[in-house]
1. Give me the pairs: first residue in region B:414-429 and closer than 15 Å to B:Ala113 by Cα, second residue assigned to a helix (DSSP H, G or I) and of a type in the set (Phe, Trp, Tyr), beta-carbon distance under 7 Å, and six or more apart or on different chains, which are they?
2. Can you tell me which residue is farthest from the chain's Cα centre (by Cα) among those in region B:55-69 that are surrounded by fewer than 24 Cβ atoms within 10 Å (Cβ to Cβ) and assigned to a helix (DSSP H, G or I)?
3. Just checking: which of the helices (runs of 4 or more DSSP H) contained wholly in region B:415-487 hold 3 or more residues that are closer than 24 Å to B:Gly219 by Cβ and not β-branched (Val, Ile, Thr)?
4. Residue by residue through region B:218-236, note down the ones that are in a loop (DSSP other than H, G, I, E, B) and either among the charged types (D, E, K, R) or buried (at least 22 other Cβ atoms within 10 Å of the Cβ) (or both).
5. If we scan region B:173-186, do we find a residue that is at pLDDT 90 or above and more than 20 Å from the chain's Cα centre (by Cα)?
6. Being in a helix (DSSP H, G or I), under 30 Å from A:Asp110 (Cα atoms) and either in contact (Cβ under 8 Å) with a residue 24 or more places away in the chain or away from chain B (no Cβ under 14 Å) (or both), is that true of even one residue in region A:210-228?
7. Yes or no: A:Val67 farther than 25 Å from A:Tyr173 by Cα, β-branched (Val, Ile, Thr), buried (at least 16 other Cβ atoms within 10 Å of the Cβ) and away from every other protein chain (no Cβ under 14 Å)?
8. Taking region B:26-54 as the search range and keeping residues that are away from chain A (no Cβ under 14 Å) and either touching a Pro at 6+ places or on another chain (Cβ under 8 Å) or assigned to a helix (DSSP H, G or I) (or both), which one is surrounded by the fewest Cβ atoms within 10 Å (Cβ to Cβ)?
Amino acid sequence: MFVKVKNWFREFRLSLRMKITLSLSAIAVVLLMSSIISVLEYRHMSNYVSGLIASNVNNIHRTQELVSAVDGYNLKMLAVIGDDTLTEVPGFDRNAFLDRCNALKGTLGDNTKAQALADSVVYAYSAYMLASTELEDVFESSFINTRDWYFTRLQPLFTRTRVYLDELSASLYEELENNSKDFDSGFFRSIIPSSVAVSVGIILVFLLMFYIQTYYVTPLYRMLRYLRDYLGYRHRYTYTFDGNDQLNDLNTSITELTEENRSLRKRIADLKDKQ
Amino acid sequence: MNLKVISRNVGIALLVSALFMFLSALISLRDGGDSALAPLLISFTITFIVGIFPFIFVRKTSQISLKDGYMIIFLSWLLSFIFGAMPYALWGGPFTVVNAWFESVSGFTTTGATILDAVEDLPRSLLFWRSATHFIGGLGVVVFLLLIIPTSSPVRLRLTNMELSSLSRDDYKSRANRTVYIFAYVYIGLCVVAFFSYWAAGMSAFDAINHAMSVCAAGGFSTKTLSIGAFQSTTISLITIVFMFLASVHFGLIFVSLVSRSLRPLRNPVMRFYVTSLVVFSIISSLSLKLQGVDATWGRAFLDGTFHVVSYASTTGFAIADNANWPMLPCFLLMLVSLVCGCAGSTTGGMKVDRVLVLFKAIHMQIQKTLYPSSVFEVRMGRRVLHDEEIYPQILYLALFVLLIGFSTILCLLVGDPNGHALTGSVSTLANVGPSLGSIGSLGNYGAEPNTLKIIFSVNMFLGRVEIYPIFAVLSSIFNRKYQGRA
């Protein structure tokens with residue numbers, strides 16, 4: 001069995017048609033690969049970039065919501081203090097605020113600076129809210145000036161929360177800017193693999209051209225020249241070349257034909273001489 | 001130059017890479033199709049097609065010129081680097097084009113220098129491909145090719161003589177055609193034994209096969225960021241020391257020792273010199289580590305000292321401790337052993353201890369000649385007398401090696417060396433060691449180096465792996481028209 005397979009391999013030869021088909025198919029596969037790589041890279045890049053930018057924009061949007069919520073609450077507090085009468089304690093949805101903060105933290109990913117700032121926002125906000133709960137006591141108290149309480153106790157805590165929120169916002173804008181820059185380098189990077197595949201395809205085309213020149217075009221030209229020499233000057237047809245396909249068979253047949261023709265001519269000439 | 005013969009033989013070398021890419025893709029499939037499956041399959045298909053393409057037209061031939069032979073060696077390595085970088089580049093992550101090229105060159109040349117901060121982030125299939133590049137490069141891309149070419153072919157004989165240095169051929173004591181088989185038997189045998197040893201010592205089968213391929217190729221790629229140190233096992237460390245040492249010994253000597261079941265073949269001057277150097281350097285390093293307070297116990301100091309001396313001398317580059325904070329003396333010794341390296345005929349890089357011994361003996365002879373001008377002296381290696389024509393190329397190689405280190409260092413400094421690794425990086429990459437000192441030390445990486453330096457270092461690795469001359473021969477034949485057509 002093994003010997004049979006070995007012999008089959010030894011005797012196996014590719015026909016001219018097969019060689020051309022196989023080589024062109026190989027080039028086609030490489031080009032197909034390059035287009036698949038391009039599509040894959042484009043899809044990967046597109047998903048990555050759109051996901052990243054959407055996440056950045058969402059985060060910025062969430063931060064803005066936090067800023068307006070805190071600002072709104074602070075304005076309400078200011079209004080109450082300005083009126084000097086406490087008709088109603090300003091309301092604030094603390095759970096919604098903290099949920100937004102946690103959601104924001106969950107989408108910050110590897111941005112450690114923004115993570116730290118989000119934590120700072122939560123702590124500053126907690127301190128601010130804790131201080132704002134003193135409002136009722138301040139109004140009831142006869143020896144605490146509400147305006148003094150606001151500017152010395154609540155305002156600094158509000159400012160701190162606001163500063164952290166601004167810093168968080170700036171950090172997210174910075175991340176968006178960096179991601180846009182990464183997109184430029186990422187684009188360059190994403191075209192490299194497909195360029196490599198295309199380059200390989202081009203190299204194969206040149207290699208195929210070289211092989212066709214070496215194994216088919218040059219032998220055909222030489223065969224023609226030797227044949228002309230034979231027809232014109234009766235030179236012997238002795239051309240041989242490297243190859244094991246139909247072109248080689250053709251060359252062998254031409255050699256045999258010309259030799260046969262030569263011997264026939266010789267015999268005719270001998271017969272003429274004898275006559 | 002016969003492009004037909006060159007393309008066919010280079011194609012065989014690429015098919016070897018394609019085979020290992022396919023095996024890596026199978027591992028990815030086994031893991032449920034990890035993120036490296038598509039990159040590996042695409043790389044395999046492209047490499048396979050390019051490798052098989054010349055076979056469609058070019059028939060087997062027995063004609064090969066000297067220039068063709070050098071070109072086959074040069075292109076086989078170069079194209080292996082390029083196609084080997086494809087899985088990394090396609091996978092992405094930390095692999096930019098330059099990083100992928102660096103990792104590929106480092107793998108195939110068995111240098112083991114990496115750009116990765118966290119090796120564990122790579123999928124298992126890509127880790128296997130990294131180790132496979134060591135395995136292919138350890139045996140030599142061209143040796144793989146020689147294993148496929150029929151024994152009787154003159155192509156094989158010519159390539160054998162080119163790929164294996166003259167030093168390494170001497171000790172095989174067999175016909176040149178057999179040397180390739182002996183090299184392959186010993187190499188694969190060592191890999192198999194290393195795999196079972198690691199496995200028995202507690203590594204997982206995957207880690208064991210990767211480390212076995214890496215240690216026998218004297219490579220250094222590990223599946224862990226902390227290298228061998230991650231396993232925290234003295235047994236694994238000791239096994240690694242043994243296999244790093246064996247990988248740096250002349251494979252012909254190991255073969256003869258195994259066949260004759262005797263250690264006598266190993267008792268030659270080169271081996272004695274090599275083992276003595278290792279022992280002395282290990283003791284000094286260990287003493288320094290203990291006395292200068294790096295290691296708390298004598299046992300740990302001796303393990304650290306011996307492990308790293310053998311690791312650097314064998315150009316493997318495995319580590320069990322970070323040498324970034326070591327005192328000056330052991331660091332200097334590590335640099336020294338990474339220059340000299342192991343024996344010829346092994347998978348190590350560097351100057352080779354054989355050449356250094358020849359140099360010492362030649363210096364000794366010169367001193368004797370100066371003292372006794374009318375006496376006749378000769379350089380002996382065991383019973384063999386070395387003639388001037390045998391000594392001269394070895395000393396010339398050492399000079400060229402040192403010159404290249406200097407040239408590479410100057411080039412690194414010219415293009416900008418922000419981390420100050422021009423000299424140590426040049427020594428380490430030209431000797432195919434991998435790790436060096438500081439942030440590119442035993443547990444460091446080359447990720448922070450500028451791209452220009454990575455390219456210079458990768459050229460160093462290539463030069464070191466093929467022992468310099470083949471590259472110069474090819475470049476000379478391409479650019480020097482004066483000698484065109486003489487080969």
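1. If the second residue must be assigned to a helix (DSSP H, G or I) and of a type in the set (Phe, Trp, Tyr), the pairs left are B:Gly425/B:Phe457; B:Thr429/B:Phe457.
2. Result: B:Ile56.
3. Values: elements: B:422-430, B:451-465, B:469-479.
Filter on region B:415-487 gives B:422-430, B:451-465.
4. The answer is B:Ala218, B:Gly219, B:Gly220, B:Phe221, B:Ser222, B:Thr223, B:Lys224.
5. no
6. no
7. Numbers: farther than 25 Å from A:Tyr173 by Cα: no; β-branched (Val, Ile, Thr): yes; buried (at least 16 other Cβ atoms within 10 Å of the Cβ): yes; away from every other protein chain (no Cβ under 14 Å): yes.
No; evaluated as a whole, the condition is false for this residue.
8. In this case the residue turns out to be B:Arg30.
The values are calculated or read from the model by the stated rules, or taken from the named source; none is laboratory data. Owing to the predicted nature of the structure, the values given are computational and were not obtained by experimental measurement. Cβ atoms come from the backbone with ideal geometry, glycine included; neighbour counts cover every protein chain shown.
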